[in-house]
1. With only Lys, Arg, Asp and Glu charged, each at its Cβ (+1 for the first two, -1 for the last two), find how big the charge dipole of the chain is about the Cα centre; round to the nearest 20 debye.
2. Using a simple spin-label model with points 7 Å from Cα along the Cα→Cβ vector, what separation in nm is obtained for K277 and F74?
3. Match the structure shown to one of the listed values (i) 112, 41, 32; (ii) 53, 44, 40; (iii) 48, 45, 36 of Cα extents along the principal axes in Å, computed from it, and give that label.
4. Over the chain, with a Gaussian network built from C-alpha contacts below 10 Å, which listed residue (E75, E199, E144) shows the highest mean-square fluctuation?
5. I'd like the FRET efficiency for F91 and H242, computed as 1/(1 + (r/R0)^6) with the beta carbon distance as r and R0 of 35 Å, rounded to 0.05.
6. Please report the spacing between the Cα centers of segment 204-275 and segment 37-81 in Å, no decimals.
7. Compute the relative contact order of segment 3-300 as a whole-number percentage, counting only Cα pairs closer than 8 Å that sit 6 or more residues apart in sequence.
8. Could you list, in their original order, any pairs among K193/K304; K193/K293; K4/K51; K212/K293 whose Cα atoms are separated by more than 24 Å?
Amino acid sequence: MTIKIIMDTDPGIDDAAAITMAINDDNIDLKLITTVAGNVTVDKTTKNALKLVRFFNSDIPVAAGAKQPLIKPFEDAARIHGESGMPGYDFPEDLPKPMNKSAVEALRDAIMASDEKITLVPTGSYTNIALLFSEYPEVKDNIERIVAMGGSLGMGNMTSAAEFNVFTDPHAARIVYNSGVPIVMVGLDITMKALLTHESIEKLPTLNETGKMLHDIIIHDGDNSDSGIAMHDVNTIFYLLHPEAITTKEMWVDVQTEGPAMGETVGDIRGAYHDGKTNASVCVDIDAAAFNKWFIEEVTNMSK
């Protein structure tokens, strides 16, 4: 059975890889891509999403979203993803146009028009989704769950406490976690374990043009180590397709919105608070070898 999803994203190198998997896997029906300011500004994230849609000759609509967080000042991650957000590959320039409606309007329309519940997959800040829930709370009834890249039970990657997506707009993240919609938190606890190895990366350009494209942008990712490169956002798609490879734990997650811990996701690991209630399935472990194997197999099976 195919999984109907909407991606809300800020491409970004690892976002681009996640979109690539979602467009090409027959078990996923990607209905809409909405963009948000995050890794780079929203004009650039929108252009990057359109580049991918054009690369795959797809008719998936793209709608541009929030230019800045709800309250805090915007801080990008161009130091990691480059000034364009997707450097290293020459994409076609004859790009399609984004939708003539905002991301929030496009999200509302797509969710309400769906004949079955939609899974939201945010891989950037959660600004668009927070605005959607605030303006059109009725959409919640037609959302299966949110599988969100972001957060951490331990150290952050933007500050010592906060992961980048949540830090970018912690007030939006708090709205989403308090929304009552089921959430899977795909955070640094697994994305820093499931690194795409250098062996896997070097294999990509030998597979096909998609592999070359991914290789050429991935090697520009500043989130690099001797063990490999973190493909944070791709873990959302891997979770949807192979939940058996990921261990989750039910807990309540609070989001800090001020002070030195701004953007921290605090999981009630011991179940000591909230009267035993939970609001998230938190990913806590992953089969990193299975992730690498799947990544290569997915690209190998792509027609382009």
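Any read-out appearing in this document is the output of simple, stated calculations on the displayed coordinates, not a laboratory observation. Since we're looking at a predicted model, the values are computed, not measured. Cβ atoms come from the backbone with ideal geometry, glycine included; neighbour counts cover every protein chain shown.
1. Values: 24 positive and 45 negative charges, 74 e Å.
Charge dipole of the chain: 360 debye, to the nearest 20.
2. Placing both labels 7 Å along Cα→Cβ, they lie 3.4 nm apart.
3. Working out Cα extents along the principal axes in Å from the coordinates points to (ii).
4. Taking springs between Cα atoms under 10 Å, the residue moving most is E199.
5. So, using R0 = 35 Å, E works out to roughly 0.75.
6. The two parts, judged by their Cα centres, are 18 Å apart.
7. Numbers: 668 pairs, mean separation 57.0, N = 298.
Normalised by residue count, the contact order of segment 3-300 is 19 percent.
8. On the way: K193/K304 29 Å; K193/K293 14 Å; K4/K51 22 Å; K212/K293 17 Å.
As for pairs spanning more than 24 Å Cα to Cα, those are K193/K304.
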